[in-house]
Amino acid sequence: MVQILVKQMLQMFLLAGVGFLLFKGKKISLEGSKTLGNILIYVSLPAVIVNGFLVDRTPEHMRGILWSAAAALILLLCSILISHFVFRKDPIGSFAAAFSNPGFFGVPLMIATVGQGAVFYAASFIAFLNIGQWTYGVSRLTGQPLTQGLKLKKLIQAPFVIAILLGLLLFAAQLRLPEILRSCVSTLAGLNTPLSMFTVGVYLAQTDLGRMFRKKELYLISAVRLLAIPLFSMLLLASLPAEMAQMKTVLLLAIACPVGSNVAVYAQLHGKDYGYAVETVILSTLLSILTIPLIVHLSTLIW
């Protein structure tokens, strides 16, 4: 599994290199990178989520979705508490360390190591994570009450929520999509990996790497996001039964991912230090090529 994981990550970083070169060669503009982001948010990630729910409604899957939702909620709450404690005076650091990047970075790793069905177990994690960003994340960045970010109408209209609700409907009712439509959804889901890594490459091309590598606080954020929280989560997941190994691996990969790019989006939206937020994404992403295989390898020894 670890070898497959390393191979997949190397491929993903090569794709990020393509995005880097395209931006440096002025083949992708800033406006173009925003377009890539919109395709990811509104098309490819929703397709990945819906595609993951196109499985048979077996007792195993019914138990799996309930267990994965409960475990995801506990893992994310622990992640928020750890990051809040370590980065009390650094709102961006607290946001960055609390929330990983399972949708764009983790899903390709899950599919490569566990299979397409892995997304089924990651759906709840992705949903809870986005809710946490809208509530706790916005509260930390702005200093506003936690409930200020909880706008139900806006949440329900979010692409990932619509995709999860649609996926749950298809799963619960066991509705079969026509083959041509199912093939289209699968093709759109396949865009997730290259487009998400192109976007990482564009971020990288806009970053002053020399200055970034000299910032000590970025290494602390990366250490908490990539090591402390995943290691703690691994110990929690070890308490689950051995027959849930696939689900445990999916959730571990989700929590072990680097800083989610939404920290930069929200920082820019609320007038905070956008450059610093982007740097937390870039450095943690670069370091994750070492930490994610390590975490997964340790889990195979403990579980």
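When GLY132, GLY64 are screened for being in a helix (DSSP H, G or I), of a type outside the set (S, T, N, Q) and within 24 Å of SER239 (Cα to Cα), only GLY64 passes. Checking each residue in region 69-90 for being under 21 Å from LEU165 (Cα atoms) and at pLDDT 95 or above picks out ALA70, ALA71, ALA72, LEU73, LEU76. Those helices (runs of 4 or more DSSP H) of region 188-283 in which at least 3 residues are under 22 Å from ALA98 (Cβ atoms), at pLDDT below 95 and not aliphatic (A, V, I, L, M), considering only elements entirely within it, cover 192-205, 262-269. Just one of (1) more than 21 Å from the chain's Cα centre (by Cα); (2) at pLDDT below 90 fails for THR35. It is (1). Within region 211-238, being in contact (Cβ under 8 Å) with a residue 60 or more places away in the chain, among the small types (Gly, Ala, Ser) and crowded, with 16+ Cβ neighbours inside 10 Å holds for SER222, ALA228, SER233.
When only residues in region 131-186 that are surrounded by 12 or more Cβ atoms within 10 Å (Cβ to Cβ) and β-branched (Val, Ile, Thr) count, which is modelled with the highest pLDDT? Looking at residues that are surrounded by 12 or more Cβ atoms within 10 Å (Cβ to Cβ) and β-branched (Val, Ile, Thr), I get VAL185. Any idea which of (1) assigned to a helix (DSSP H, G or I); (2) of a type outside the set (Ser, Thr, Tyr); (3) more than 14 Å from VAL200 (Cβ to Cβ); (4) out of contact with any Pro (no Cβ under 9 Å at 6 or more places or on another chain) is the one LYS27 doesn't satisfy? With (1) assigned to a helix (DSSP H, G or I); (2) of a type outside the set (Ser, Thr, Tyr); (3) more than 14 Å from VAL200 (Cβ to Cβ); (4) out of contact with any Pro (no Cβ under 9 Å at 6 or more places or on another chain) applied to LYS27, the lone miss is (1).
Name the single residue that is farthest from SER284 (Cα to Cα) among those in region 176-187 being hydrophobic (A, V, I, L, M, F, W, C) and in a helix (DSSP H, G or I). Among those residues, the one meeting the criterion is ILE180.
Scanning region 83-90 turns up at least one residue that is under 22 Å from LEU236 (Cα atoms) and surrounded by 17 or more Cβ atoms within 10 Å (Cβ to Cβ). Being of a type in the set (Lys, Arg), in a loop (DSSP other than H, G, I, E, B) and either farther than 30 Å from LEU165 by Cβ or in contact (Cβ under 8 Å) with a residue 24 or more places away in the chain (or both), is that true of even one residue in region 5-19? Looking through region 5-19, none of the residues is of a type in the set (Lys, Arg), in a loop (DSSP other than H, G, I, E, B) and either farther than 30 Å from LEU165 by Cβ or in contact (Cβ under 8 Å) with a residue 24 or more places away in the chain (or both). Name the residue that is modelled with the highest pLDDT, counting only residues in region 95-119 that are surrounded by fewer than 24 Cβ atoms within 10 Å (Cβ to Cβ) and assigned to a helix (DSSP H, G or I). Checking each candidate, the answer is THR113.
The values are calculated or read from the model by the stated rules, or taken from the named source; none is laboratory data. What you see is a predicted model; the values in this text were computed from it and never measured. Cβ: placed from backbone, ideal geometry, glycine included. Neighbour counts: every protein chain shown.
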